[in-house]
1. Against the longest alpha carbon principal axis of the chain, how many degrees, from 0 to 90 and to the nearest 10, is the axis of helix 300-312 turned?
2. Efficiency by 1/(1 + (r/R0)^6): what FRET value for Ala252 and Met1, r their Cβ-Cβ distance, R0 = 45 Å, to the nearest 0.05?
3. What's the ranking of 336-347, 260-271 by average number of surrounding C-beta atoms within 10 Å, highest first?
4. At a 1.4 Å probe, what is the % contribution of carbon and sulfur to the accessible area of the chain?
5. Where the only charges are on Cβ atoms (+1 Lys, Arg; -1 Asp, Glu), what is the dipole of the stretch 287-380 about its Cα centre, to the nearest 20 debye?
6. For Asn197 and Asp293, calculate 0.36 nm times their separation in residues minus their Cα-Cα distance, and state this gained length in nm to one decimal.
7. Separation between the Leu214 and Arg279 pseudo-spin-labels, each 7 Å from Cα along Cα→Cβ, expressed in nm?
8. Rounded to the nearest 10 degrees, what's the angle between the helix 329-339 long axis and the longest principal axis of the chain, both from Cα atoms, 0 to 90?
Amino acid sequence: MNHAYIYDAVRTPRGKGRKGGGLHGATPVHLAATVLAALRDRHALDTSAIDDVVLGCVEPVGEQGANIARIAALVAGYDTVAPGVHVNRFCASGLEACNIAAAQVMAGQAGLVVGGGVESMSRVPMMTSGGAWAMDPDVARRTHFVPQGVSADIIATRWGYSRHALDCYAVESQRRAARAQAEGRYAASLVPVRDVNGIPLLDRDESVRPDATLENLSTLAPAFAGQGELGFDAIALQRYPDMERIEHRHHAGNSSGIVDGAAAVLIGSREAGARLGLRPRARIRAFGSIGSDPTLMLTGPSVATEKVLARAGMAVRDVDLFEVNEAFAAVVLRFLDALEVPADRVNVNGGAIALGHPLGATGAMLLGTVLDELERQDLNTGLVTLCVGAGMGTATLIERV
């Protein structure tokens, strides 16, 4: 089996996912084309050498439909011989795209592949694409479907994470992100998004709130209690009859932000990189996905991590840094407890609670984030993992070259 190396990783800033947000004026194709062009330009890359472009996107309809990977590559000016494909593993789509890119290289079927993802949540809102899981009453009944926010509150209730503990984690995420932003820790991978005249639309992450405190978070009402009252609490309690009730403890301040953004990761074999004069930054050691309870839904990161570490013959103690997507505060707290990971090795530069979660792009963004931080601290091994809708988890393990 060949080795798959990461040669570079870039991302756009995360813009608030609403009208008036910094990236609302940029189409999804423009966001994706921005990062694809940046990879090419940073390395004077001959794009005819790219065997595939694999992009994650969770709502692949409207402006994000029709195989956005291929269209964005053409808009970015890639050689027409470079194909493209879109993939969807819900919130892990961007990481799954990178895993698929790495798999092609490892199998010897590609020399150089771009993995990544894009999501314009301000222009193509969540649930735009529908789907039987949430929309078909019979399917929803059979799978005990509840919205993700209710699942997060189930986790908080079941494992006893108080509102105070969730808010403390959220404040720390904001503090870490604000420090990272102030110290320029994101700068190496950040690519400004410009309009057609070359004027920057956004050049820094827009949703970081350095003034977040426990006091102001305490004023926020639970975001998912209303969904629970619509009947989703009852569905969850049917699934978990040992629970007396669900305490709704998540709100806008301790859940991931809705944002726009895109990311791209250049992955290839040693030989392909050498032909193009590229220097590998890291090797992808192992990756994988798991299925988990679709109602509880969000506990997959720890199980996926265990699977990937076992595949690599490693243990938790062998990993220097973790990036665990902060879909909700309880997701990360459960990961920390399940694997007994020290908090100072997880999301050291903040996460989606502060920065936002552009669904199809987040996993690829986190891959670049952990690689940049490994280099900054001169550490060796990093692992990225995300919880996934319908009860799944995805993880990727890398080591610096």
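1. On a 0 to 90 degree scale, this one is about 40.
2. According to the calculation, E is roughly 0.50.
3. Highest mean packing first, the order is 260-271, 336-347.
4. Details: 7840 of 15020 Å².
For the chain, the apolar C and S fraction of the accessible surface comes to 52 percent.
5. Roughly 260 debye for the stretch 287-380.
6. Taking Asn197 through Asp293 to full extension adds about 29.7 nm, to one decimal.
7. Roughly 4.5 nm, to one decimal.
8. Its long axis makes an angle of about 80 degrees.
The values are calculated or read from the model by the stated rules, or taken from the named source; none is laboratory data. Computed from a predicted model, the values in this text were never measured in an experiment. When we count neighbours, we look across all protein chains shown, and the Cβ atoms used for this are built from the backbone with ideal geometry, even at glycine. Remember, those area values only see protein heavy atoms, side chains included, never the ligands or the DNA or RNA. Shrake-Rupley method; radii C 1.70, N 1.55, O 1.52, S 1.80 Å.
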